[in-house]
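The values are calculated or read from the model by the stated rules, or taken from the named source; none is laboratory data. Everything quoted here is computed from the prediction, not taken from an experiment. Backbone-built Cβ (ideal geometry, glycine too); neighbour counts: all protein chains shown. Side chains are part of the model used for accessible areas, which takes the heavy atoms of the whole protein and leaves out ligands, DNA and RNA. Shrake-Rupley method; radii C 1.70, N 1.55, O 1.52, S 1.80 Å.
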Amino acid sequence: MCGIVGAVAQRDVAEILVEGLKRLEYRGYDSAGVAIIGNDQKLQRARRLGKVQELADALKTDPLLGGTGIAHTRWATHGAPSEINAHPHVSSDNIAVVHNGIIENHQMLREKLQALGYIFTSETDTEVIAHLVHHELKTADTLLAAVQTTVKQLEGAYGTVVMDSNDNSRIVVARSGSPLVIGYGLGENFIASDMMALLPVTRKFAFLEEGDVAEVTRYEVNVFAANGEAVIREAKEHDVSQESGDKGEYRHYMLKETYEQPTAIRNTLEGRLVGGKLDNNAFGENADDIFKEIEHVQIIACGTSYHSGMVARYWLEAIAGVSCNIEIASEFRYRKSHVPKNALIVTISQSGETADTLAALRLAKDLGYRASLTICNVKGSSLVRESDLAFMTKAGVEIGVASTKAFTTQLVGLLMMTLAIGKHHGMTEKEQQDIAQSLMMLPNKLDEVLALADSIEELAEDFADKHHALFLGRGDQYPIAMEGALKLKEISYIHAEAYAAGELKHGPLALIDAEMPVIVVAPQNDLIEKLKSNVEEVRARGGLMYVFADTDAKFDSDETMTVINVPHCDDIIAPIVYTLPLQLLSYYVAIIKGTDVDQPRNLAKSVTVE
Ligand code: AGP
């Protein structure tokens, strides 16, 4: 999704801005641009379709000098990816604007501005902001006042940064629905849509709140709430490692992040499982009071995070004794739902900024849920700030667009949540201890699974000429099959679907032939015999199967079936254990297909628009 970086400094900032954009590349984009106010008070701009490196190369040939500037990576929403549509957008040679999000009433504003004589040079919704600010500045005393009046006319979601080349001492930023963070330096200040962008220049950050407009100069940051009142947004030092963005010895971030899972899970468990027991404060001081009272859990998420929520539903109803619903955020937010008595709303999100999930949380608050909990990987993100309780997964920064370690640490958080709720709803001490024990063994188990990488890499070759694939699982492995299918389609562009294996005969069996590889997840559990019958249904129709099976489940390879033996594990952690072989399979298939593993086409890491 789009990225924003801005700076007000004494030194030249173009390189800092471009480095910031590079650090946001993982979010997905199609073009990049930068505008700098030159020492002669003239606006200089460079934009390129494609990678940030193209922009960096252009700046080597034609450097832009100056200490005040804004930069952007664009992910097309209104208007095709092109240089003309790339940000920053400019009005009358002095106003420059970058913007994340969507201005929903842009058409009406465009017509109004055209009637006033403004000429549009792009197809974007963003350009209306540039012209509106220019228009408002004719009557406003300051750029800040012009931006405040402008944002009142905007409908939709935005994080936007504006500068005026007639005054290089400041930039003005506004947030409504799209995150912005201010980075504090010494005699220089910065802004960005994600603090990752600013790690080379500062660790001190303040997050803007919804409706905030801020004026940023070299020495001061003045923030105003939507009602115009001056407000303080506390700046804090953050301990994010600058090195967390490096690929290290790995060819791709996705592979690195897949291998980081044992460590990420150890970090997520640390301090939460103490002496084989869940720590009372694992979900925050007030959590126990809430967990005691709730009778129902409503989970809301998107994509991979939705899949982790689906697994949690199996756990909560089977183990914790509370009913649970799960819904895709973009559906939940636009339907009328019934709120069961004493219900807890749980959002799950790697980024904490997913627009649909955030909107669903806000709706749930209005609907009267008892409390909200988020399972999230990004401290200080909107979901964390707006939820009553937050459980931080300690996955570390996840750069690959395809979520790996964020997913498995979410599952760990959700299993701990099951424990925390279940202990108030009839779970015995022994049941709690057994689950805690299984969780403690999980990181070592995952190390064993990662040792299967070579055989999975070999297996991937069979998929080189395939256009479709079917994933099957039963029970809490059904969402894992869904996650496996999502990974494969996301990064290898092979069409993949997942089915609960019992559903095969209700339609998808018609698809089975030798051209449709069928991937089966088969841990040793009480559904294994049922699953074996489903495998026979596929075999009888001439299907080719790839079965990830528990060593004890007694599957043997033959001419129609390739079996990869997965080390035996406790039933409860099997959804986490079986995720890894599917991640590795999709990774190696993508390598064979030659796709862009870390930044697959058309996708963004953090989806901050609807
Ligand atoms: C996962 O591989 C995807 N990139 C995507 O489905 C993602 O999980 C989804 O967009 C939700 O993101 P979030 O976890 O940051 O809310």
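Look at H495 and say whether it is over 24 Å from E448 (Cβ atoms), loosely packed, with under 15 Cβ neighbours inside 10 Å and touching a residue at least 12 places away in the same chain (Cβ under 8 Å).
Judged against the criteria, H495 is a match.
Pick from I300, I232, I290: which is over 30 Å from D454 (Cβ atoms) and within 16 Å of the ligand (Cβ to nearest atom)? Reasoning before the result, please.
Working: I232 fails: within 16 Å of the ligand (Cβ to nearest atom); I290 fails: within 16 Å of the ligand (Cβ to nearest atom).
Matching residue, one of I300, I232, I290: I300.
Is it true that A371 is more than 27 Å from D434 (Cβ to Cβ), touching a helix residue (DSSP H, G or I) at 6+ places or on another chain (Cβ under 6 Å), in contact (Cβ under 8 Å) with a residue 60 or more places away in the chain and more than 16 Å from the ligand (Cβ to nearest atom)?
yes
Are there strands (runs of 3 or more DSSP E) fully within the range 18-105 with at least 3 residues that are not aliphatic (A, V, I, L, M)? List them.
Here the list reads 43-49, 68-74, 95-103.
Tally up the residues in the range 590-610 that are more than 9 Å from the ligand (Cβ to nearest atom) and either open to solvent by 60 Å² or more (accessible area, probe 1.4 Å) or part of a loop (DSSP other than H, G, I, E, B) (or both), please.
Count: 13.
Could you say which residue among D356, D366 is closer than 30 Å to S193 by Cα, free of Cβ contacts under 8 Å to residues at least 60 places away in the same chain and charged (D, E, K, R)?
Result of the check over D356, D366: D366.
Can G69 be described as closer than 28 Å to E210 by Cα and either surrounded by 18 or more Cβ atoms within 10 Å (Cβ to Cβ) or modelled with pLDDT of 95 or more (or both)?
Details: closer than 28 Å to E210 by Cα: yes; either surrounded by 18 or more Cβ atoms within 10 Å (Cβ to Cβ) or modelled with pLDDT of 95 or more (or both): yes.
Here the answer is yes, as G69 does meet what is asked.
Looking only at strands (runs of 3 or more DSSP E) that fall completely inside the range 336-418, which ones have 1 or more residues that are out of contact with any Cys (no Cβ under 9 Å at 6 or more places or on another chain), within 15 Å of G309 (Cα to Cα) and not aromatic (F, W, Y)?
In the range 336-418, the matching strands (runs of 3 or more DSSP E) lie at 343-349, 371-376.
Please state which one of V133, V128, V98 is open to solvent by less than 30 Å² (accessible area, probe 1.4 Å) and over 28 Å from K22 (Cα atoms).
Only one candidate qualifies: V133.
Counting residues that are modelled with pLDDT of 95 or more and open to solvent by 20 Å² or more (accessible area, probe 1.4 Å), which strands (runs of 3 or more DSSP E) fully inside the range 162-217 reach at least 3?
167-176
Is the range 363-382 home to any residue that is modelled with pLDDT under 95 and touching a Phe, Trp or Tyr at 6+ places or on another chain (Cβ under 6 Å)?
yes
Please count how many residues of the range 422-464 are outside any loop (DSSP other than H, G, I, E, B), among the β-branched types (V, I, T) and either touching a Cys at 6+ places or on another chain (Cβ under 9 Å) or farther than 16 Å from V566 by Cβ (or both).
Result for the range 422-464: 2.
Out of everything in the range 303-325 that is more than 14 Å from the ligand (Cβ to nearest atom) and open to solvent by 10 Å² or more (accessible area, probe 1.4 Å), what residue ends up being nearest to E386 (Cα to Cα)?
Here the answer is N325.
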